[in-house]
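Working notes, structure below.
Here, each number is a calculation from the coordinates, and none is a lab measurement. Values in this document were obtained by computation on a predicted structure and should not be read as measured data. Please note: Cβ atoms are built from the backbone with ideal geometry, for glycine as well, and neighbour counts cover all protein chains shown.
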């Protein structure tokens with residue numbers, strides 16, 4: 001089902017949302033530190049129900065996200081439609097050797113070469129998504 | 001100056017960062033609510049030193065961002081390079097009639113048709129950016 005000019009925003013169920021997320025590789029993770037938000041772009045891989053990313057050991061990103069609530073967003077668009085998926089969950093460092101195959105795949109498409117790294121998994125508590133029809137603005141009230 | 005395989009990440013100054021931000025139109029705003037992060041995609045316009053966006057009156061996005069610290073991110077990439085710009089600042093609703101010309105421009109390229117809307121301005125306290133060389137992962141330690 002697609003949105004149209006009459007119903008320009010369509011709420012997606014968690015399965016459709018996850019499938020869109022799984023087809024992309026660039027997202028942003030938001031974290032809250034003393035009620036001040038931080039945001040970081042990440043290359044990620046959707047793998048067996050978690051959002052996996054890697055980052056430098058000891059980085060600010062690791063220190064701020066681990067064992068905390070995080071919000072994660074990814075999006076995409078074509079000429080006619082746009083979509084956005086948001087995950088709420090918690091992040092944890094994976095033990096060495098875990099997720100090896102997925103980890104190698106992730107490393108191969110990451111933008112940022114990193115020599116000493118850790119893998120972090122975001123375990124979703126909620127996955128939501130919306131698809132938008134892109135079009136001219138309607139008449140205003 | 002461009003990053004390369006030897007120096008794959010280049011920190012950008014605030015002017016270069018702002019110019020990259022000003023050339024794009026889709027970003028994400030992060031906000032912290034009781035130490036839990038939220039994230040929203042937004043269409044935006046860089047205008048006279050602020051990041052301007054519009055959203056439905058009374059929306060969750062408005063309620064959560066106004067008069068709060070926000071973090072805002074936008075990014076882009078080509079085959080060889082990627083960049084990301086992050087703004088830390090505060091958000092406030094603009095009075096009716098303010099920013100009229102910019103507002104019209106913003107409405108014309110917004111994805112989400114909205115009939116009753118408010119304009120919100122993010123006033124930056126800090127603008128940072130990084131440019132990445134996209135390439136294969138280096139040898140690991």
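Considering every residue in A:8-14, what mean count of other chain Cβ atoms within 10 Å of its Cβ is obtained?
1
Between copies, how close do the residue A:80 label points come, placed 7 Å along Cα→Cβ, listed in nm from shortest?
Label point to label point, same position, other copies: 3.6 nm.
How far is residue B:123 from the same spot in each other copy, in nm, shortest first, if each label point sits 7 Å from Cα toward Cβ?
Its label point is 4.3 nm from the equivalent points in the other copies.
Put a label point 7 Å from Cα along the Cβ direction on residue B:14, then list its distances to the equivalent points in the other copies in nm, shortest first.
Counterpart label points of residue B:14 in the remaining copies fall at 4.3 nm.
How long are the three semi-axes of the equivalent ellipsoid of the protein assembly as shown, in whole Å, if each is the root of 5 times an eigenvalue of the C-alpha gyration tensor, listed from largest down?
Over the Cα atoms of the protein assembly as shown, the semi-axes work out to 31, 21, 18 Å.
Checking the a/c ratio against 1.5 first, then a/b against b/c, what shape does the Cα gyration tensor give for region B:1-57?
oblate
Just to confirm the number: angle between the C-alpha axis of helix B:100-109 and the first principal axis of chain B, 0 to 90 degrees, nearest 10?
Between the helix axis and the principal axis of chain B, the angle is about 60 degrees.
Using a 10 Å cut-off around each Cβ of peptide A:71-77, what is the average number of partner chain Cβ atoms that fall inside?
Whole-number average of other-chain Cβ neighbours for A:71-77 is 4.
Rg over Rh of chain A, using C-alpha atoms and the Kirkwood radius, what does it come to?
Answer for chain A: 1.03.
Need one value for A:81-88: mean number of C-beta atoms belonging to other chains within 10 Å of its residues' C-beta atoms.
Counting Cβ atoms of other protein chains within 10 Å of each residue's Cβ and averaging gives 3.
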